[in-house]
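Let me begin by presenting the structure, written as structure tokens, before commenting on it.
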Amino acid sequence: MGYSNGEIVEVKGNKYKRILIDLTKEVLEEDILPILMNSLNDSGYFFNLNGDKLAFLFREIDLGNFKERIEKFKNFKKLYKILTELITKIEAIKSYGIKDGKRVYIDYDGERKVKGRRDKENHRGKFFYALHHKFKKDNNKLPAEFENKIICGDSEKVLKKLPDNCIDLIFTSPPYNFGLEYENHNDAIEWENYFTKLFSIFDECIRVLKYGGRIVINVQPLFSDYIPIHHIISKFFMDKGLIWKGEIIWEKHNYNCKYTAWGSWKSPSNPYLKYSWEFLEIFCKGSLKHEGETNVSDLTSDEFKEWVYAKWDIAPERNMEKWGHPAMFPEELARRVIKLFSFVGDVVLDPFNGVGTTTKVAKELKRRFVGIDISPEYCKKAEIRLSQGLSLFDSDSY
Ligand SMILES: C[S@@+](CC[C@H](N)C(=O)[O-])C[C@H]1O[C@@H](n2cnc3c(N)ncnc32)[C@H](O)[C@@H]1O
């Protein structure tokens with residue numbers, strides 16, 4: 001059966017894409033084409049006969065709905081085969097995007113403010129800062145001795161034991177140097193020393209990340225010190241040749257923060273800005289596309305639609321006292337990052353694993369995991385949380 005490639009034609013002053021389908025005698029003998037042409041049409045598409053060929057003309061299509069509608073032709077085997085092949089053909093044709101739930105194939109570009117967007121993108125040079133990278137494309141298997149393990153130690157040293165290119169996703173929240181009371185870590189050191197240490201760990205993270213792997217860093221700048229840690233970290237990764245994929249705002253609705261410096265109340269002299277959110281910075285090694293070992297996604301359509309909108313309303317973790325850790329992130333944050341950026345069966349690493357929120361959620365979501373933390377106490381608790389199974393303390397999302 002032959003199908004043409006979706007050339008543009010004009011019908012009664014409107015442009016359509018047209019796929020011409022060769023008809024065999026057998027299909028014609030099914031005598032169903034008049035019913036098809038009368039019943040399977042819409043403001044965005046229709047069929048007609050073009051000599052001995054069937055023509056499908058379309059401007060915009062809700063493909064889900066189209067697939068449902070062809071089901072009523074299931075008993076007409078020859079025609080049904082044509083219709084299913086037609087869907088494959090349509091899916092291979094690039095649409096301009098989705099408008100009101102329909103894929104738009106014609107004229108949509110005319111509505112855009114930027115004409116010839118792709119050419120302009122190419123001319124400007126997408127992620128030009130990352131093009132100098134020399135990352136190898138060969139990915140390696142994570143050795144079994146590290147798989148599904150909580151490892152206690154300094155990540156800079158522990159990560160050196162892992163081979164290159166063996167981790168699919170790194171999700172982590174490093175200490176922010178706010179001066180919190182951690183068990184085995186000084187959280188108020190000079191900023192220069194802080195960044196030297198952090199970047200030596202991140203260098204290892206980049207090395208162990210697979211080609212096409214992602215690293216997602218949750219951070220909050222220390223505004224009182226005027227240190228934009230999220231920008232400094234982003235510059236670090238971009239200088240190392242990773243692609244900055246984007247930034248998610250984690251809106252915690254946390255208004256329990258300093259209002260304004262006394263002395264500048266109601267004055268423009270030095271107002272103190274308030275932040276009720278944290279940042280997630282996302283980087284890709286080598287390629288924006290990630291190939292998983294299984295390529296099995298467990299995202300529902302609703303999750304996908306909601307989470308690609310890059311502002312997430314999630315309440316802060318409420319069980320920090322219970323777990324004896326001063327800076328946990330909530331399980332819901334880990335759940336979204338892991339589902340959106342990794343496939344089932346992928347390896348997820350957290351080099352600042354704390355009491356193991358990432359590793360617990362990774363296990364529940366059927367990912368493999370490695371969690372590293374410098375505190376034996378926190379590692380013990382991470383193990384307990386792994387053995388407890390499903391979420392004891394579910395985080396609320398608003
Ligand atoms: C912000 S907390 C992470 C909390 C974690 N997301 C959770 O939900 O439990 C940062 C963690 O980094 C750990 N840490 C600090 N320096 C480290 C190092 N050099 N290697 C490994 N872990 C380190 C601290 O012990 C602390 O638990």
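Structure summary
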quantity: Those residues of segment 344-384 which are of a type in the set (F, W, Y) and within 12 Å of the ligand (Cβ to nearest atom), in sequence order; calculated: F352, Y378
quantity: Set S395, S387: member being within 14 Å of the ligand (Cβ to nearest atom) and modelled with pLDDT under 95; calculated: S395
quantity: Residue list for segment 1-59, filter: outside any loop (DSSP other than H, G, I, E, B), of a type in the set (D, E, K, R) and loosely packed, with under 11 Cβ neighbours inside 10 Å; calculated: E7, E10, K25, E26, E29
quantity: Single residue of I243, I215 found to be within 16 Å of the ligand (Cβ to nearest atom), under 30 Å from S297 (Cβ atoms) and modelled with pLDDT of 95 or more; calculated: I215
quantity: Segment 166-185 - residue that is over 31 Å from the mean Cα position of the chain (by Cα) and over 17 Å from C152 (Cα atoms) and, of those, nearest to the ligand (Cβ to nearest atom); calculated: E181
quantity: Matching option when the condition is in a loop (DSSP other than H, G, I, E, B) and within 19 Å of S173 (Cβ to Cβ), among N254, N270; calculated: N254
quantity: All positions within segment 204-239 that are out of contact with any helix residue (DSSP H, G or I) (no Cβ under 8 Å at 6 or more places or on another chain) and basic (K, R); calculated: K210, K235
quantity: Any hit, segment 153-174, residues being in a helix (DSSP H, G or I), touching a Gly at 6+ places or on another chain (Cβ under 6 Å) and surrounded by 12 or more Cβ atoms within 10 Å (Cβ to Cβ); calculated: no
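The values are calculated or read from the model by the stated rules, or taken from the named source; none is laboratory data. Quantities reported herein were computed from a predicted structural model and do not represent experimental measurements. All Cβ positions, glycine included, derive from the backbone under ideal geometry; neighbour counts span all protein chains shown.
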